[in-house]
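One structure is given here, and the rest of the page talks about it.
Nothing in this text is a laboratory measurement; each read-out follows from the coordinates by a stated rule. Computed from a predicted model, the values in this text were never measured in an experiment. Neighbour counts run over all protein chains shown; Cβ positions are idealised from the backbone, glycine included.
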């Protein structure tokens, strides 16, 4: 199960961990979707010139902490909406935690 948590304060903190276990490694469309979403989010924030307080991307775990402003909030809100949508479609594989 992939679990994710997003906190909005002065900074935005995103934590995503686990494996979807939807299918075998290399064929797991749920895991690939989450990985793509996270990679695109981190790259977009970075390419727009916003500096991360911290960022860690490893197999089965991604976390980052970035300043909360109009642009970064818009980007992360889009990530959040996509993850929420995926969790509704695949509730046994993706879950939001509080």
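A few notes on this one:
- Fraction of antiparallel bridges per DSSP, the chain only, in percent to nearest 5: 85 percent
- Counted by neighbouring Cβ atoms within 10 Å, the residues 5, 92 run from fewest to most as 92, 5.
- Degrees between helix 29-47 axis and first principal axis of the chain (Cα, 0 to 90, nearest 10): 10 degrees
- The C-alpha atoms of the chain define a longest principal axis, and helix 70-89 lies at about 10 degrees to it.
- Inter-part distance where the stretch 47-98 and the stretch 10-36 are each reduced to a Cα centre, Å: 10 Å
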